[in-house]
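To start, the structure under review is shown below, and the notes come after it.
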Number of protein chains: 2
Amino acid sequence: MPQVSVRGKLIEHAETVFRRQGFNGASVADITNAAGVPKGSFYNHFKSKQELAAEIVRRYSRGTDVTMLAGEGLSAVERLRAHFAAQASRTSSTGVEYGCLLMTMASEGPTVGDEVGTVVRRSLAAWVGVLAPVIEEGQRSGEITSQEPASDLAAFLIDAFEGAGLRGKATRDEDAAMRSLNLALNAIKA
Amino acid sequence: MPQVSVRGKLIEHAETVFRRQGFNGASVADITNAAGVPKGSFYNHFKSKQELAAEIVRRYSRGTDVTMLAGEGLSAVERLRAHFAAQASRTSSTGVEYGCLLMTMASEGPTVGDEVGTVVRRSLAAWVGVLAPVIEEGQRSGEITSQEPASDLAAFLIDAFEGAGLRGKATRDEDAAMRSLNLALNAIKA
């Protein structure tokens, strides 16, 4: 089924192209070149660059490794740290200049269009949603001393991690994200 | 001197266009339309979109209001908070969807080119550089209890603020940046 294969190649390669170049900086030709498929084949599989980008963001978000958040025998803070470390290695495995797809798309604001923007918003909300229960557990056990709402603290961890990730993308500092995440984690715990 | 006026209009309007749309999402036509000048006049004043973008980032960075950091009669933490509040109101005065120019450019990574990338890196380093002495002062006085290097803590405050600003850009939450900045400030102080 060659049609499935072309679609698969487009999805496989579009993530790194979008992460490196952003939505507006990535042309359909950049994506088909990276995928090694004819440019003309793109529109057999996707209505638009937006449709592909929305699909890529959905997959990227679903690919968030939440197994660390349920780690047996680890404290809430240790699980949060392990979760972000897994995210950091996912990002840096392709080189720090690629950065996180969610933030790259978020930064382009309204120009990514409603379809992509909605997926980015939902993905950020889902990430807050999986972190908050772990933070609540840490608050109940006394390991996390901050009594701010768990969802605010979850967003704060994401912000410190992602803000540093972007700074690292600009300055080619691949340790920036975990350095700031650790400062944020140390800040909310006992 | 109409030539100066066209150049001035381009500089005046390019900042908001780049902030809203990013470097790659903003065409020369978008900028000349926003400035209300003929498209053909652009290249009389700038060699390229990159040259204009580098100039805009330099001006944006120089426009960082550091007066709050020297505020008489305020503690180090109070001055840091006032500084970021001034930055937040600078950003939100044009609407949260415009976001911070530095992060918007940083997220586009290598596609903004070396000229713009270098100015972004220098601007981020300069921002860390003006915050660090205030943090050191707070560490000496005991107001800031974290003993991490002041430049790391400065970067951490920027990351929390900018990461949240980008999240707010995606979710249209204009209070996100100051909420995370306040969590970060509360975290490093006594």
**Item:** Residue that is nearest to A:ALA54 (Cα to Cα) [pool: residues in segment A:105-116 that are open to solvent by less than 10 Å² (accessible area, probe 1.4 Å) and more than 7 Å from every other protein chain (Cβ to nearest Cβ)]
**Value:** A:VAL116
**Request:** Hey, could you check segment B:153-174 for residues that are touching a residue at least 40 places away in the same chain (Cβ under 8 Å) and closer than 16 Å to B:VAL130 by Cα and say which is farthest from the other protein chains (Cβ to nearest Cβ)?
**Result:** B:LEU157
**Item:** Set B:ALA190, B:ALA132, B:ALA177, B:ALA150: member being within 11 Å of chain A (Cβ to nearest Cβ) and either over 20 Å from A:ALA106 (Cβ atoms) or crowded, with 24+ Cβ neighbours inside 10 Å (or both)
**Value:** B:ALA177
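Suppose we filter segment B:87-98 for residues that are in contact with a Ser or Thr (Cβ under 8 Å, 6 or more places away or on another chain) and part of a helix (DSSP H, G or I); how many remain? It would help to see each step written out before you state the result.
Just the residues of segment B:87-98 that are in contact with a Ser or Thr (Cβ under 8 Å, 6 or more places away or on another chain), to begin with: B:87, B:94, B:98.
Remaining after also requiring part of a helix (DSSP H, G or I): B:87, B:98.
Matching residues across segment B:87-98 total 2.
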**Message:** I'm checking my understanding of the structure. Among residues of segment B:67-79 that are out of contact with any helix residue (DSSP H, G or I) (no Cβ under 8 Å at 6 or more places or on another chain) and part of a loop (DSSP other than H, G, I, E, B), which one is nearest to B:HIS13 (Cα to Cα)?
**Reply:** B:GLU72
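So that you can scan it fast, the table gives a plain yes or no per residue for (1) over 25 Å from the mean Cα position of the chain (by Cα); (2) assigned by TED's automatic domain parsing to the domain that holds B:GLY165; (3) not acidic (Asp, Glu):
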| site | (1), (2), (3) |
| --- | --- |
| B:VAL6 | no, no, yes |
| B:GLU15 | no, no, no |
| B:GLY22 | no, no, yes |
| B:ALA26 | no, no, yes |
| B:ALA29 | no, no, yes |
| B:ALA34 | no, no, yes |
| B:GLY40 | yes, no, yes |
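Regarding B:LEU52, is this residue more than 14 Å from chain A (Cβ to nearest Cβ) and touching a Phe, Trp or Tyr at 6+ places or on another chain (Cβ under 6 Å)? Spell out the reasoning first.
Values: more than 14 Å from chain A (Cβ to nearest Cβ): yes; touching a Phe, Trp or Tyr at 6+ places or on another chain (Cβ under 6 Å): yes.
Criteria met by B:LEU52.
For residues that are more than 9 Å from chain B (Cβ to nearest Cβ) and more than 19 Å from A:VAL66 (Cα to Cα), tally how many sit in segment A:136-147.
Here is the first cut: in segment A:136-147, the ones more than 9 Å from chain B (Cβ to nearest Cβ) are A:136-145, A:147.
After this cut, where a residue has to be more than 19 Å from A:VAL66 (Cα to Cα) as well, the list is A:139-145, A:147.
Counting residues in segment A:136-147 that are more than 9 Å from chain B (Cβ to nearest Cβ) and more than 19 Å from A:VAL66 (Cα to Cα) gives 8.
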**Complete:** Across (1) more than 16 Å from A:GLY168 (Cβ to Cβ); (2) surrounded by fewer than 16 Cβ atoms within 10 Å (Cβ to Cβ), B:ARG167 clears everything bar (2)
**Fill in**
Residue pairs within 7 Å by beta carbon, gap of at least six or interchain, first lying in segment A:73-92 and under 18 Å from A:LEU183 (Cβ atoms), second hydroxyl-bearing (Ser, Thr, Tyr) and surrounded by fewer than 16 Cβ atoms within 10 Å (Cβ to Cβ), listed first then second, are A:ALA76/A:SER141
**Asked** Can you name the helices (runs of 4 or more DSSP H) wholly within segment A:2-66 that have at least 3 residues being open to solvent by 50 Å² or more (accessible area, probe 1.4 Å)?
**Response** A:2-25, A:49-62
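Does B:ALA88 fit the bill of being open to solvent by less than 30 Å² (accessible area, probe 1.4 Å) and under 27 Å from A:LYS169 (Cβ atoms)? Break it down into steps so the answer makes sense when it comes.
On the way: open to solvent by less than 30 Å² (accessible area, probe 1.4 Å): yes; under 27 Å from A:LYS169 (Cβ atoms): yes.
So B:ALA88 passes the test.
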**Fill in**
When segment B:11-42 is checked residue by residue, the ones that are at pLDDT 95 or above and among the hydroxyl-bearing types (Ser, Thr, Tyr) are B:THR32
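The values are calculated or read from the model by the stated rules, or taken from the named source; none is laboratory data. In this text, all values refer to a predicted model and were calculated from it rather than measured experimentally. Positions of Cβ are generated from backbone atoms using ideal geometry, with glycine treated the same way; all protein chains shown enter the neighbour counts. For accessibility, only protein heavy atoms count, side chains too; no ligands or nucleic acids. Shrake-Rupley method; radii C 1.70, N 1.55, O 1.52, S 1.80 Å.
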